[in-house]
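Undergrad: Starting off with a structure, shown below.
Every read-out reported here was derived from the displayed coordinates using simple, explicitly stated rules and does not represent laboratory data. The shown structure was predicted, so the numbers you read here are calculated from the model rather than taken from an experiment. With ideal geometry, Cβ positions are generated from the backbone for all residues, glycine too; neighbour counts draw on all protein chains shown.
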């Protein structure tokens, strides 16, 4: 028994009312978990190993795969711990760090998708200057900027979590820690923690969406000015994979936000499912989309499988 309830660990939740089925529910979760690791890990290996993929577009794809791997590795261990072993306790520091990485990586992924939109914008609007504009130096600067924006911007609210006392219920409604849930358990003034994330999302994710939309308006204007129908189709085809990833990421973000804010009468299990869709669906689908739509990735996978078959 904890003498000071403020120092008691938080308790994670799986699927309330379905605890008897947790072992069965863990099977599709593990399959998705393994698929995410395999798909994004394969992308990273191919981009590193295949010199024909050493181009700006694929370096940005490697950043996206890295972010997807990190968010999956951050969330799924506690999820599988709850589903497999009913291990629900998580100490404050581990919980706050998990929330920090979950939220910062969401901002990072949005920034990477914005950088990929810029890549497509330059490739179509200024194809002759593509390599001279997106030099290795600029790629490093963009990558560092995107990751720093995510990791630094979320720090203020996470740091404040460490200073709060937690004298209310310690039960969280997911199998992982989210800032918006943890702060509600604090016995303190959480005004800053309520307002700051709204401002942050408006200045990062929402602004990223507007810039991506504007860039594609300019891209479409450029493509429509190309005389050859075949060249127009070829130019648009290079954007389809990115558009698919953008739609999957932002639709799940909007869906989760909508459910959390306006879904008071929606069954709690829907909230839980939407959270898992948000964290697992984009990392699962991004490698699949690029594998289906990108010839170079397809060829790399075929070479990798052929090499493995002949070596065995």
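Undergrad: Roughly how far apart, in whole Å, are the Cα centres of segment 99-140 and segment 211-286?
TA: 16 Å
Undergrad: Let me ask something else. Given contacts defined as C-alpha pairs under 8 Å and at least six residues apart, what's the relative contact order of segment 5-307, whole-number percent?
TA: Normalised by residue count, the contact order of segment 5-307 is 27 percent.
Undergrad: Find how much the distance from residue 87 to residue 247 grows on full extension, using 0.36 nm per residue of separation minus their present alpha carbon separation; answer in nm with one decimal.
TA: 54.1 nm
Undergrad: Follow-up. Using only helices, what value at 222 nm comes out for the chain when you add -39,500 (n - 2.57) per DSSP H run of length 4 or more and divide by the total residues, to the nearest 500 deg cm²/dmol?
TA: One gets -25500 deg cm²/dmol as the mean residue ellipticity at 222 nm.
Undergrad: Where q = 0.18 Å⁻¹, what log10 of I(q)/I(0) comes from the Debye formula for segment 153-312, counting one point per Cα?
TA: With no solvent term, the Cα-only Debye profile gives -1.19.
Undergrad: I want to verify a result. In a Gaussian network model of the chain, Cα cutoff 10 Å, which of these has the top mean-square fluctuation: 264, 125, 88?
TA: Sorting by GNM fluctuation, first place goes to 264.
Undergrad: Something else: Evaluate E = 1/(1 + (r/R0)^6) for residue 171 and residue 194, where r is the Cβ-Cβ distance and R0 equals 22 Å; express this FRET efficiency to the nearest 0.05.
TA: Computed FRET efficiency for residue 171 and residue 194 comes out at 0.60.
Undergrad: Between residue 38 and residue 151, what length in nm is gained on full extension when 0.36 nm per residue of separation is reduced by their alpha carbon distance?
TA: Full extension of this stretch gives 38.1 nm more.
Undergrad: Same structure again: By how many nm would the segment from residue 128 to residue 94 grow when fully extended, if each residue of separation counts as 0.36 nm and the alpha-carbon distance is taken off?
TA: 7.3 nm
Undergrad: Evaluate the distance, in nm, between pseudo-label points positioned 7 Å from the Cα of residue 11 and of residue 50 along their respective Cα→Cβ axes.
TA: Rounded to a tenth, the inter-label distance reads 5.0 nm.
Undergrad: Highest GNM mean-square fluctuation, the chain, Cα pairs closer than 10 Å: which of 57, 70, 148?
TA: Top of the fluctuation ranking is 148.
Undergrad: Quick one: if you stick a label point 7 Å off each Cα along the C-beta vector at residue 303 and residue 80, how many nm between them?
TA: The modelled label-to-label distance comes out at 3.1 nm.
Undergrad: Additional query: Taking the Cβ-Cβ separation of residue 218 and residue 73 as r and a Förster radius of 45 Å, what is the calculated FRET efficiency to the nearest 0.05?
TA: On the way: r = 36 Å, r/R0 = 0.81.
Once rounded, the FRET efficiency stands at 0.80.
Undergrad: Between residue 292 and residue 20, what is the label-point separation in nm under the 7 Å Cα-to-beta-carbon projection?
TA: In this crude label model, residue 20 to residue 292 measures out at 3.8 nm.
Undergrad: Also, I was wondering about something else. Taking the chain as a Gaussian network, where each spring joins two C-alpha atoms under 10 Å apart, which residue of 50, 189, 208 fluctuates the most?
TA: 189
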